[in-house]
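As structure tokens, the structure follows; a few thoughts come after it.
FYI, it's all coordinate maths here, none of it is from the lab. No experiment lies behind these values; they were computed from the predicted model shown. Counting neighbours? That spans all protein chains shown, and the Cβs are built from the backbone with ideal geometry, glycine included.
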């Protein structure tokens with residue numbers, strides 16, 4: 001029995017087409033968030049046209065914030081040298097902290113235009129935002145990206161599609177033979193297969209390319225991947241990792257549950273709803289969990305290796321402090337209202 005989960009899901013819904021699970025999950029998360037928020041806003045007096053305008057504004061600034069956040073926070077030199085590449089969203093690269101800034105800007109603009117309270121708008125939207133955040137992290141899982149450091153936990157994942165093998169042709173051949181899926185008398189043929197790739201192997205070859213080559217030359221069958229992966233792991237050439245996408249998605253889903261429970265319970269009892277408390281809980285739960293999970297997450301960019309706290313953690317701190325301030329503000333008003 002394997003002590004890890006082999007993750008070899010294609011990021012494309014249908015191989016050969018550019019429609020990806022990430023895009024589907026993002027769209028689904030946004031739709032579910034919109035549907036719930038639409039009911040909340042209608043119940044609290046907004047007109048449908050106002051809600052639609054708000055939704056469009058949020059969508060545009062969210063995407064802009066996500067993209068600009070990655071380009072300016074994580075790879076500024078590369079994108080400022082060629083600014084047009086900022087528009088190439090299909091290349092990947094979105095940052096949740098930039099998305100949060102984009103959302104806050106959308107709330108401020110809508111608050112100014114509609115003459116409604118910024119905190120009221122932001123707090124109601126905050127209830128459903130964790131749904132979209134959850135789906136985004138599940139999209140990262142489908143892409144086999146933004147995962148954690150090596151782990152021996154039984155729930156750790158071997159991300160096959162992102163795995164790179166570095167070894168000599170001889171070591172690679174021995175590992176393949178030790179997997180038990182290739183006959184020993186094929187050793188010479190396998191060595192010859194990878195002999196011409198010695199230099200490339202020093203820099204690393206994707207595991208999927210090795211697996212495909214072995215299948216193409218009929219050395220292994222298409223269902224031999226688990227044994228092959230296990231042999232690479234046993235040889236310490238391949239490692240399993242914390243599925244931090246699932247950790248974050250779980251925390252975001254929990255955040256939604258807490259916020260929704262608070263909102264529904266207050267509505268059902270006809271009690272006042274604290275904008276400060278909703279928004280404060282959102283910032284604290286989302287960004288404290290993000291801050292903590294970053295300790296077991298791989299660096300996203302090279303410069304983070306020299307940092308005591310990575311970029312994601314530094315960007316989380318202002319949101320955590322703002323959340324604590326909002327919760328403090330809630331209890332100050334709560335005490336004053338009961339004097």
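A compact table of results
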read-out: Region 113-142 residues near the modelled residue 239 label - backbone nitrogen below 20 Å, point 7 Å along Cα→Cβ; value: 141
read-out: Cα-projected label distance for residue 77 with residue 32, points at 7 Å along beta-carbon direction, nm; value: 4.1 nm
read-out: Antiparallel content of DSSP bridges confined to the chain, in %, to 5; value: 65 percent
read-out: Distance from region 240-303 to region 147-178 (C-alpha centre basis), Å; value: 32 Å
read-out: Spread of Cα-to-Cα distances over 20 Å intervals beginning at zero, given as percent, for the chain; value: 26, 48, 21, 5, 0
read-out: Pair residue 303, residue 188: separation of 7 Å Cα→Cβ label points (nm); value: 5.5 nm
read-out: Cα long-axis angle, helix 244-268 against the chain (0 to 90 degrees, to the nearest 10); value: 20 degrees
read-out: Computed E for residue 153/residue 261 - FRET, C-beta separation, R0 30 angstrom, nearest 0.05; value: 0.50
read-out: Two-site label geometry, residue 168 and residue 109: point separation in nm, points 7 Å out along Cα→Cβ; value: 6.0 nm
read-out: Helix axis angle, 225-234 relative to the chain longest principal axis, alpha carbon, degrees; value: 90 degrees
read-out: At R0 = 25 Å, FRET efficiency that the Cβ-Cβ distance of residue 273 and residue 59 yields, to 0.05; value: 0.50
read-out: Degrees separating the helix 96-114 axis from the principal Cα axis of the chain, which is the longest one; value: 20 degrees
read-out: The chain: relative contact order as a whole-number percent, Cα under 8 Å and 6+ apart; value: 22 percent
